[in-house]
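The values are calculated or read from the model by the stated rules, or taken from the named source; none is laboratory data. This structure is a prediction, so every number in the text was calculated from the model and none was measured. Using ideal geometry, Cβ is built from the backbone for each residue, glycine included, and neighbour counts are taken over all protein chains shown. Quick note on the areas: whole protein, heavy atoms, side chains included, nothing else; ligands and nucleic acids left out. Shrake-Rupley method; radii C 1.70, N 1.55, O 1.52, S 1.80 Å.
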Amino acid sequence: MVNQSKQQQFQKLQTLLKELPWYVDEYINHKLRKLSTASLFNYCHDYKIFFNWMITEQLVSGTIKDIPLERLEQLTVLEVEGFLNYLHYQLNNKELTVNRKLSALKSLFNYLQNIAETPDLKPYMNRNVMAKIEFNEVKDSIETKATKMEGRILLGDEYEKFRLFVANDYGDMYKDNKRLYNFYQLNKERDTAIVSLILGSGLRLSELVGIELDDIDYSKYCVRVIRKGNKEQFVYFSQVAMADLQEYLAVRAAKYNVDKNEKALFVSGPTGPKVKSRRLKVRAVENLIEKYATAFGKPSLSVHKLRHSFATRYHAEINDVPKLRRQLGHSSIQTTMIYTHIKNDDLKIAVDKMDMPKEQIE
């Protein structure tokens, strides 16, 4: 299964690496098999912020690419704390964000000190200042995170209301706006299928846009996706999602002028009379969810929040954390445990039992 989105992310990563020192390039290649290209791109973005800060503070001269290993080895604790204060007070980064950027730096410096070797088997650096820097203490418990999430996801009958809003009500809302209405009429089956599939499976955005036509198993109600860590998995989805998906597939070729060689499940509209459709991009899906969420009156909704909505509903109906972990593709069960703390007492009354395939529930 060719994932065009993943290839694009890889190219973006390679472009960014050209701006960074050689040892960062070497470190990223070391991590390439273990982390996603999206994660590594974020690492490189964090390094660029750090190196630019060093230049601005006149801790080093020249360009980012010219920053030598020796200067990293000579960094003091006070200098690094100055950078973390810069992130927090000038860039307004939250504690979790500062911790993430510090973690990226710690990983790079650990590689330079403990893993990388010169031709004569010596470490690149003998001194690692990042080992002396502590993370910010983040006080939010699982319960607190769950409480914050409650107001930003779909609960109770909102789950089906949002799906129906995308399928029908959005068009009624904008029927007097010819441009918006015509655009909606073109894409309503596709957009409904996208929302329904996320709400009926908990797929990640990257997994959704990577789906190809032959990845879907219509008899077992599941789809083959590439999860984090480049792992292939078959993920089950609901009967409602299957129905919406089939409605979209019935009009896909005619509405989008799809080339017979285009294998992407979700495609964008053609941009000209002779231009064929192509795989829908990540940003396009984010934009369409944002559009519907704002019109629905819940602008905090995002693709990731729809995934959270599925997980909350699944836990309330199925109450099996190990299976939910597998369904979501979490590497750690602690990540899944947050959904066990979301209060949603009216959920069982408001919605029917989750219509997952029988083999998934048993």
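Annotation: extensible slack from VAL77 through ASN114 equals 11.4 nm (criterion: 0.36 nm per residue apart, minus Cα-Cα distance).
Surface listing: ASP120, ASP259, ASP176 arranged by accessible area from highest to lowest gives ASP176, ASP120, ASP259, probe 1.4 Å.
Among LEU249, LEU164, LEU154, the order of accessible area from largest down is LEU164, LEU249, LEU154, computed with a 1.4 Å probe on protein heavy atoms. Structural descriptor for segment 1-81: relative contact order 30 percent, calculated from alpha carbon pairs under 8 angstrom and at least 6 residues apart. Hydrodynamic radius of segment 257-316 by the Kirkwood approach over all distinct alpha-carbon pairs: 13.5 Å.
Once the Cα-Cα distance is subtracted from the 0.36 nm per residue extended length, the VAL251 to THR15 segment shows a gain of 81.2 nm.
Along segment 41-57 the Karplus relation, 6.51 cos²θ - 1.76 cosθ + 1.60 evaluated at θ = phi - 60°, assigns HN-Hα couplings of 4, 5, 4, 4, 4, 5, 5, 4, 4, 5, 5, 4, 5, 4, 5, 4, 7 Hz to successive residues, with x for each Gly and Pro.
When a/c is below 1.5 the answer is rounded, else prolate if a/b is larger than b/c, else oblate, so apply that to segment 199-287 with a ≥ b ≥ c taken from the square roots of the Cα gyration tensor eigenvalues. The shape class here is prolate. The phi torsions of segment 24-38, fed into the Karplus equation with coefficients 6.51, -1.76 and 1.60 and a -60° offset, translate into couplings of 6, 4, 5, 4, 4, 5, 5, 8, 4, 7, 9, 10, 5, 5, 5 Hz, rounded to whole numbers, with Gly and Pro shown as x.
Shape of segment 162-215 from the C-alpha gyration tensor: prolate (a/c of 1.5 or more and a/b above b/c, with a ≥ b ≥ c the square roots of its eigenvalues).
For the pair LYS48 and LYS281, label points projected 7 Å from Cα toward Cβ lie 1.6 nm apart. Loop-located trypsin sites (Lys or Arg not before Pro) in segment 183-275 (DSSP state other than H, G, I, E, B) with a sparse environment of at most 14 neighbouring Cβ atoms within 10 Å: LYS220, LYS260, LYS274. The modelled label-to-label distance for the pair LYS34/LYS220, using points 7 Å beyond Cα in the direction of Cβ, is 3.2 nm.
Whole-Hz Karplus values for segment 61-73 come out as 10, x, 9, 4, 4, 8, 5, x, 4, 4, 6, 5, 5 Hz, taken residue by residue from phi with 6.51 cos²θ - 1.76 cosθ + 1.60 and θ = phi - 60°; glycine and proline positions read x.
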